[in-house]
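One structure is given below, encoded as structure tokens.
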Ligand SMILES: Nc1ncnc2c1ncn2[C@@H]1O[C@H](COP(=O)(O)OP(=O)(O)O)[C@@H](O)[C@H]1O
Ligand SMILES: [Mg+2]
């Protein structure tokens, strides 16, 4: 990137979420704020049930928060859009153009080939979508699996198809829930290298993970505990090796 100033491309401001289940209130997120910037891989870690998926779905404009706001920036991080009060259609447009989401369970359409799964969300013409889908399948190492159905792919391959699909509209932000959950270490390395490439292209990459290899490779780590942040490690805060002092 020509500019080194990190701009938040996606931001949660004081977000809260609770569910009422059979008359009992379950507080999931309590006043959580978080910004993810272009050029960085951010990891969101925490125990099972700590609210990671809920927060990712709120940031991905899939679940509305009860309180607080989510802002989505354009590719250069300028003029962030306050998403509170947007209609479902406006939210869907923002989601399709700005956010690439990789679900924990992949959510591939079982009756369609890998190629069509990747191409379907494309915002342009069908021909251009298929061309780009082929390029993306090649990028994730699945050029020779384009005509396979999801059931004819391994878990790791389905995961990579889901990532290719998330990239079809060239989104500035990529969100992924436990992307290495079902992968062996080789596939994990391939996927982590891809996420790093995406960040190097200037995208903001936010990964929910409980895998230490993933969080160690991230630039920024946020830890959720009982619905709130307890500790944040920012690689940029660590003392540099040169004469610059850390902040
Ligand atoms: N739709 C829902 N209704 C009621 N409780 C929910 C719902 N979704 C999630 N929860 C609860 O919210 C908490 C956080 O869930 P989740 O965000 O999936 O955690 P994580 O991804 O960190 O494991 C859990 O205790 C879960 O039981
Ligand atoms: Mg989860």
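The values are calculated or read from the model by the stated rules, or taken from the named source; none is laboratory data. Everything numeric here is computed off the predicted structure, so don't read it as measured data. Here the Cβ positions follow ideal geometry from the backbone for every residue, glycine too, while neighbour counts run over all protein chains shown.
What the table below lists for this structure:
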{"read-out": "Residue among 116, 44 that is modelled with pLDDT of 95 or more and within 13 Å of the chain's Cα centre (by Cα)", "value": "44"}
{"read-out": "Search result, residues across region 37-82 that are more than 16 Å from ligand 2 (Cβ to nearest atom), over 15 Å from residue 27 (Cα atoms) and free of Cβ contacts under 8 Å to residues at least 40 places away in the same chain", "value": "61, 79, 81, 82"}
{"read-out": "Count - residues of region 188-211 that are surrounded by fewer than 22 Cβ atoms within 10 Å (Cβ to Cβ) and within 16 Å of ligand 1 (Cβ to nearest atom)", "value": "2"}
{"read-out": "Strands (runs of 3 or more DSSP E) within region 124-238 that include 1 or more residues farther than 22 Å from residue 48 by Cβ and away from ligand 2 (no atom under 16 Å from the Cβ)", "value": "173-177, 204-208, 228-234"}
{"read-out": "Within region 170-187, considering residues that are surrounded by fewer than 19 Cβ atoms within 10 Å (Cβ to Cβ) and over 14 Å from the mean Cα position of the chain (by Cα), the one nearest to ligand 1 (Cβ to nearest atom)", "value": "181"}
{"read-out": "Strands (runs of 3 or more DSSP E) enclosed by region 1-100 - at least 2 residues per element that are away from ligand 1 (no atom under 14 Å from the Cβ), within 19 Å of residue 206 (Cα to Cα) and out of contact with any helix residue (DSSP H, G or I) (no Cβ under 6 Å at 6 or more places or on another chain)", "value": "8-21, 24-37, 67-72"}
